[in-house]
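Right, one structure below, let's go through it.
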Amino acid sequence: MNREPLFGMKPTFLGRQTTLVIRNFLQKKYGLDGKTEIPLTSVNSPLYSGLGLITKGKPGDTAIGKGLVVGSIRMGYGHHRMALSVYSHSIAQKITTYLHDLLAIESAESEAIADIDHGYSYFSRLSAEMGGPVEWLWGQLMAQGNISSLDLSTQLAELYKNLMKEIPKENPIITTYPLNGQIAVANNFKKVIHLICDNYPQHYLLVPGALNLVQTPSAYTKFIQMGVSKENLAYGGHWVSEDLVTNAQKDSETRIKRLDSGKKRRFLIPIGGAGAQKGFVTELLETTKSDLLTKRFFYFINTGDHTKVLNAFEEYLNQAKIQFETILTWEDMKQFLARIPLDSEEPGNLAPVILFNFPTHTEAFSATDVLMRYMDVLVTKPSELAFFPIPKLFIRRVGDHEAASVARSLELGEGTIECREPKQAVELIKLFSESKETLLRMNERIIKNSEAEVYSGSKKAVEMAN
């Protein structure tokens with residue numbers, strides 16, 4: 001393994017000076033010394049049996065034991081969704097597994113990281129709602145992760161080392177956010193595997209000193225061209241949770257049967273972690289109002305843990321006199337899904353719009369993975385969901401880096417172009433509802449991709465770690 005800082009590459013002089021200024025500012029503002037140890041313990045996940053959630057401990061608490069550590073961060077839903085894709089496989093294999101969320105460890109370090117995340121979420125929402133120059137500027141910023149930004153991140157990882165100091169260094173670590181991996185390397189863990197998100201290679205997504213896995217062959221080639229050592233890079237496949245990987249072919253075959261029998265289409269529309277799609281989806285509802293009133297198709301909208309977004313949708317649907325049902329708990333969702341298996345007819349009393357909202361962050365993003373198996377089409381921005389084994393209709397991206405994820409899905413034949421405006425998405429929704437040919441081809445491609453283990457990246461990562 002190449003252990004050289006930044007893979008032997010050098011930031012610019014101005015970039016290095018900027019890094020030092022930012023590091024010194026954060027160090028002073030939050031009192032970060034990189035030396036004060038933070039005691040760690042774990043508690044059982046209330047949602048996933050077999051998963052330990054690492055948290056700040058106190059004297060007398062049980063220390064972290066041997067097992068696989070999955071590193072992530074509560075920054076939107078994407079990185080935690082990637083983490084779920086990992087620990088769902090390790091739990092299925094009966095491997096002792098811990099989740100280490102940088103923002104779950106009460107400390108000055110996590111406070112500093114959280115403040116940066118809040119800014120990211122705010123500007124993501126702003127760019128999606130305002131569009132135009134604001135969207136362009138945010139898109140440009142999200143595609144500028146050069147070697148200087150990687151230098152800054154690794155420098156900050158040295159300040160945040162305390163967040164992982166109490167974890168046994170023999171434990172293998174699989175990270176889904178670069179800062180987690182960089183902190184693990186700074187703490188000299190013996191085996192660090194990092195899963196790179198998206199399909200747009202940028203230096204700041206990398207973890208020097210670790211094995212970096214990418215989702216696509218094109219990303220692998222690009223990173224090599226950018227100067228990353230082959231010792232530190234490998235192609236894994238898509239980061240997809242165990243239940244969806246295991247049932248990808250079966251679910252696609254069932255969707256094909258639904259197409260052949262003329263069943264009404266089910267569209268799953270998840271709201272992202274920053275809550276940035278509210279305006280787009282509201283216009284989608286308004287534009288397809290007549291179709292919803294006649295139950296021409298069904299929308300299943302997961303508003304995650306965004307209560308304000310849920311309330312806005314409920315207010316619109318009430319004003320438009322469109323029938324809807326709201327599901328607010330995990331148990332209620334399970335009972336609801338028992339009524340509508342993918343291979344059955346829709347109940348006559350099923351509302352054309354079903355809204356979901358959950359009290360916890362974990363339930364919010366996990367619900368989309370669960371709901372996916374019951375749907376015909378996923379309507380999503382090109383986030384990490386762009387890599388999942390289900391026909392996809394892409395709506396407006398948040399950040400220009402997400403365009404490359406659309407390109408990957410088109411390459412595989414299981415997704416649409418990006419619909420920048422709601423009216424474009426409506427055209428495809430109506431096409432999918434009237435004709436079966438496009439969806440049929442998408443499902444056939446998913447079956448072939450599944451046979452080629454395209455969606456098995458997280459499964460392979462777990463195998464590499466153990």
Odd one out for Tyr235 among (1) closer than 19 Å to Ser383 by Cβ; (2) aromatic (Phe, Trp, Tyr); (3) open to solvent by 40 Å² or more (accessible area, probe 1.4 Å): (1)
Considering each of Pro359, Pro391 in turn, give the residue that is out of contact with any helix residue (DSSP H, G or I) (no Cβ under 8 Å at 6 or more places or on another chain) and not basic (Lys, Arg). Pro359
Selection count, the range 290-319, where residues are assigned to a helix (DSSP H, G or I) and among the hydroxyl-bearing types (Ser, Thr, Tyr): 3
Which of the residues belonging to the range 263-274 are under 28 Å from the mean Cα position of the chain (by Cα), closer than 19 Å to Asn443 by Cβ and either among the aromatic types (Phe, Trp, Tyr) or open to solvent by 10 Å² or more (accessible area, probe 1.4 Å) (or both)? Arg265, Phe267
When residues of the range 137-172 are limited to those that are more than 23 Å from the chain's Cα centre (by Cα) and of a type in the set (Val, Ile, Thr), the one modelled with the lowest pLDDT: Ile147
Given the conditions (1) over 21 Å from Thr288 (Cα atoms); (2) without any contact (Cβ under 8 Å) to a residue 24 or more places away in the chain, and given that Val406 satisfies all but one, which numbered condition is not satisfied? (2)
Quick one: is Thr303 of a type outside the set (D, E, K, R) and in contact with a Leu (Cβ under 7 Å, 6 or more places away or on another chain)? yes
So the check is Cβ under 8 Å with 6+ separation or different chains; which pairs have a first residue in the range 233-248 that's of a type in the set (S, T, N, Q) and a second one that's at pLDDT 95 or above and part of a loop (DSSP other than H, G, I, E, B)? Asn247/Arg373
How about the range 277-287: which of its residues are of a type outside the set (S, T, N, Q) and open to solvent by 10 Å² or more (accessible area, probe 1.4 Å)? Lys278, Gly279, Phe280, Glu283, Glu286
When you go through (1) acidic (Asp, Glu); (2) surrounded by 19 or more Cβ atoms within 10 Å (Cβ to Cβ); (3) over 21 Å from the mean Cα position of the chain (by Cα) one by one for Asp260, which number turns out not to apply? (2)
Qualifying residue in the range 161-168 (condition: of a type in the set (A, V, I, L, M, F, W, C), within 15 Å of His79 (Cα to Cα) and out of contact with any Lys or Arg (no Cβ under 7 Å at 6 or more places or on another chain)): no
Only one of (1) touching a residue at least 60 places away in the same chain (Cβ under 8 Å); (2) in contact with a Ser or Thr (Cβ under 8 Å, 6 or more places away or on another chain); (3) open to solvent by 10 Å² or more (accessible area, probe 1.4 Å) does not apply to His361, and that is (2)
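Okay, residues lined up against (1) open to solvent by less than 40 Å² (accessible area, probe 1.4 Å); (2) in a helix (DSSP H, G or I):
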{"site": "Thr154", "(1), (2)": "yes, yes"}
{"site": "Glu158", "(1), (2)": "no, yes"}
{"site": "Glu166", "(1), (2)": "no, no"}
{"site": "Glu170", "(1), (2)": "no, no"}
{"site": "Ile174", "(1), (2)": "yes, no"}
{"site": "Gln182", "(1), (2)": "yes, yes"}
So which residues in the range 342-363 are of a type in the set (Phe, Trp, Tyr) and either part of a loop (DSSP other than H, G, I, E, B) or under 13 Å from Lys263 (Cα atoms) (or both), if there are any at all? Phe358
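Residue-by-condition table, conditions (1) among the basic types (Lys, Arg); (2) open to solvent by 10 Å² or more (accessible area, probe 1.4 Å):
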| residue | (1), (2) |
| --- | --- |
| Lys289 | yes, yes |
| Lys308 | yes, yes |
| Glu315 | no, yes |
| Gln323 | no, yes |
| Leu328 | no, yes |
| Leu337 | no, no |
| Leu355 | no, no |
Selection over the range 89-118 where residues are surrounded by fewer than 16 Cβ atoms within 10 Å (Cβ to Cβ), closer than 22 Å to Gln182 by Cα and either at pLDDT below 50 or charged (D, E, K, R) (or both) yields a count of 3
I need the full set of residues from the range 203-227 which are open to solvent by 10 Å² or more (accessible area, probe 1.4 Å), outside any helix (DSSP H, G or I) and in contact (Cβ under 8 Å) with a residue 40 or more places away in the chain, in order please. Pro208, Leu211, Gly227
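The values are calculated or read from the model by the stated rules, or taken from the named source; none is laboratory data. All values derive from a computational prediction rather than experimental measurement. No Cβ is skipped: glycine too gets one built from the backbone with ideal geometry, and neighbour counts run over all protein chains shown. Accessible surface areas use protein heavy atoms only, side chains included; no ligands, DNA or RNA. Shrake-Rupley method; radii C 1.70, N 1.55, O 1.52, S 1.80 Å.
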